[in-house]
Amino acid sequence: MLAYIVRRLWQMLPTMAGVVLLVFMLFNWVGGDPAFILAGKMANAEEIANIRRQLGTDQPYYVQLLIFIKQIVTFDFGNAWSTGESVSSIISSRLGPSLTVLVPLTILEVLLGVALALAIAFVRGSLLDRAVMIACTVGMSISILVYISVFQYSLAYKLGLFPVQGWGDAFWRNLLHFAALPILIGLAVSLAPTLRLYRTFVLDEVNQDYVRTARAKGMPERRIVWVHVLRNAAIPIITHVMANLPALLIGAFLLERAFGIPGIGREVILAVERSDFPVIKAITVYVAAATMIFNLLTDLLYHALDPRVQLK
């Protein structure tokens with residue numbers, strides 16, 4: 001096991017090197033000169049040259065690349081251009097609010113998606129099954145902006161059940177008070193595609209030979225679905241969950257922006273609006289590294305669920 005983990009970590013290095021080179025090329029050759037952006041339209045040549053010297057963009061490209069690699073290794077991306085705040089401090093302070101929303105949302109989404117998918121497997125092909133699939137299709141066709149507007153207006157503004165916007169310092173108050181409505185909206189948006197996908201995973205297992213053998217032996221249908229089918233369907237479900245975890249931090253930017261949650265997604269949008277390259281580069285690299293690490297964890301979970309799965 002240890003040898004496999006070390007080998008996988010070693011194999012991540014070329015992928016990470018490719019990500020670093022791609023990010024460096026995009027921001028230095030395609031992204032334009034940040035000195036012009038920061039100096040403004042009324043700046044003269046001397047001011048622009050001073051800004052380039054402060055940012056280090058007047059150095060040769062290989063020097064800038066070495067500085068970028070050093071920043072990644074030391075986890076120090078300097079200061080944000082727009083606010084002067086440390087990039088590491090920005091990411092660490094924004095991570096908590098994002099996780100406060102995304103961790104409960106992911107747990108509820110998986111639990112409800114699995115439970116409903118298994119329940120529908122009992123009545124597959126029935127009128128209820130078709131009605132649920134139609135409802136899921138309709139739900140997937142509605143934009144998340146519609147969900148946000150309707151839920152905010154009806155539940156927060158009209159009924160006063162939730163705050164319209166806000167965030168505090170106390171964890172439990174944030175979770176139960178400010179994050180409750182964003183979690184509810186995220187669940188309403190994500191449950192439909194999740195249920196359709198998990199239903200497919202379950203039905204793929206229901207049609208396997210081992211299920212027919214279990215039925216022939218007289219095993220109860222409920223035990224077949226909840227024990228044997230769920231165990232095998234867990235592998236693609238885990239793949240789906242683990243593959244989407246890093247992207248969730250960025251993908252929830254609409255919820256964070258609409259409800260004033262100071263999370264990673266909202267910070268990325270603000271950084272793009274301000275052309276704050278250090279923040280964008282840092283988050284891009286961190287998300288790429290997190291994706292590779294979660295892929296490794298997925299393989300380890302496969303092996304834990306089924307020791308017969310060979311780690312290669």
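Out of curiosity, is Thr74 β-branched (Val, Ile, Thr) and either under 30 Å from Ala170 (Cβ atoms) or surrounded by 15 or more Cβ atoms within 10 Å (Cβ to Cβ) (or both)?
Considered against the rule, which asks whether it is β-branched (Val, Ile, Thr) and either under 30 Å from Ala170 (Cβ atoms) or surrounded by 15 or more Cβ atoms within 10 Å (Cβ to Cβ) (or both), Thr74 comes out as no.
Of the residues in the range 68-82, how many are more than 13 Å from Ile280 (Cα to Cα) and modelled with pLDDT under 85?
2
May I ask you to verify whether Ala216 is over 32 Å from the mean Cα position of the chain (by Cα) and among the small types (Gly, Ala, Ser)? Please lay out each step first, then the result.
On the way: over 32 Å from the mean Cα position of the chain (by Cα): yes; among the small types (Gly, Ala, Ser): yes.
Criteria met by Ala216.
Is it true that some residue in the range 40-60 is in contact (Cβ under 8 Å) with a residue 40 or more places away in the chain and part of a helix (DSSP H, G or I)? Walk me through it before giving the result.
We begin by selecting, within the range 40-60, every residue in contact (Cβ under 8 Å) with a residue 40 or more places away in the chain; these are none.
Scanning the range 40-60, I find no residue that is in contact (Cβ under 8 Å) with a residue 40 or more places away in the chain and part of a helix (DSSP H, G or I), so the answer is no.
Give just the number: which of (1) without any contact (Cβ under 8 Å) to a residue 12 or more places away in the chain; (2) open to solvent by 50 Å² or more (accessible area, probe 1.4 Å) does Asp129 not satisfy?
The number of the failed condition is (2).
Between Ala258, Ala252, Ala288, Ala282, which is closer than 20 Å to Ile148 by Cβ, modelled with pLDDT of 85 or more and crowded, with 16+ Cβ neighbours inside 10 Å? First the steps, then the outcome.
Values: Ala252 fails: modelled with pLDDT of 85 or more; Ala288 fails: closer than 20 Å to Ile148 by Cβ; Ala282 fails: closer than 20 Å to Ile148 by Cβ.
Of Ala258, Ala252, Ala288, Ala282, the one residue that is closer than 20 Å to Ile148 by Cβ, modelled with pLDDT of 85 or more and crowded, with 16+ Cβ neighbours inside 10 Å is Ala258.
Could we say that Ile69 is crowded, with 16+ Cβ neighbours inside 10 Å and in contact (Cβ under 8 Å) with a residue 12 or more places away in the chain here? Show your work before the answer.
Working: crowded, with 16+ Cβ neighbours inside 10 Å: no; in contact (Cβ under 8 Å) with a residue 12 or more places away in the chain: yes.
Taking the combined requirement at face value, the residue does not satisfy it.
Can you tell me which residue within the range 132-142, out of those that are of a type in the set (Gly, Ala, Ser) and open to solvent by less than 70 Å² (accessible area, probe 1.4 Å), is nearest to Asn79 (Cα to Cα)? Outline the logic, then answer.
Taking the range 132-142 first, the residues of a type in the set (Gly, Ala, Ser) are 135, 139, 141.
With open to solvent by less than 70 Å² (accessible area, probe 1.4 Å) added as a condition, the list becomes 135, 139.
Details: Ala135: 48, Gly139: 42 Å.
Here the answer is Gly139.
Could you give every pair whose Cβ atoms fall below 9 Å, whose first residue belongs to the range 138-159 and is within 19 Å of Arg257 (Cβ to Cβ), and whose second residue is open to solvent by 70 Å² or more (accessible area, probe 1.4 Å) and among the aliphatic types (A, V, I, L, M), counting only separations of at least 6 or pairs across chains?
Every condition considered, the pairs that remain are Leu155/Leu161.
Scan the range 95-121 for residues that are in contact with an Asp or Glu (Cβ under 8 Å, 6 or more places away or on another chain) and either β-branched (Val, Ile, Thr) or open to solvent by 50 Å² or more (accessible area, probe 1.4 Å) (or both) and jot them down.
From the range 95-121, those in contact with an Asp or Glu (Cβ under 8 Å, 6 or more places away or on another chain) are 97-98, 101, 120; that's our starting set.
Within the range 95-121, Val101, Ile120 meet the criteria.
The values are calculated or read from the model by the stated rules, or taken from the named source; none is laboratory data. Please read these numbers as outputs of a predicted model, since none were measured by experiment. Cβ sites come from the backbone with ideal geometry, for glycine too, and all protein chains shown count toward neighbours. Ligands, DNA and RNA are stripped out before the accessible areas are found, and what is left, the full protein with its side chains, is counted by its heavy atoms. Shrake-Rupley method; radii C 1.70, N 1.55, O 1.52, S 1.80 Å.
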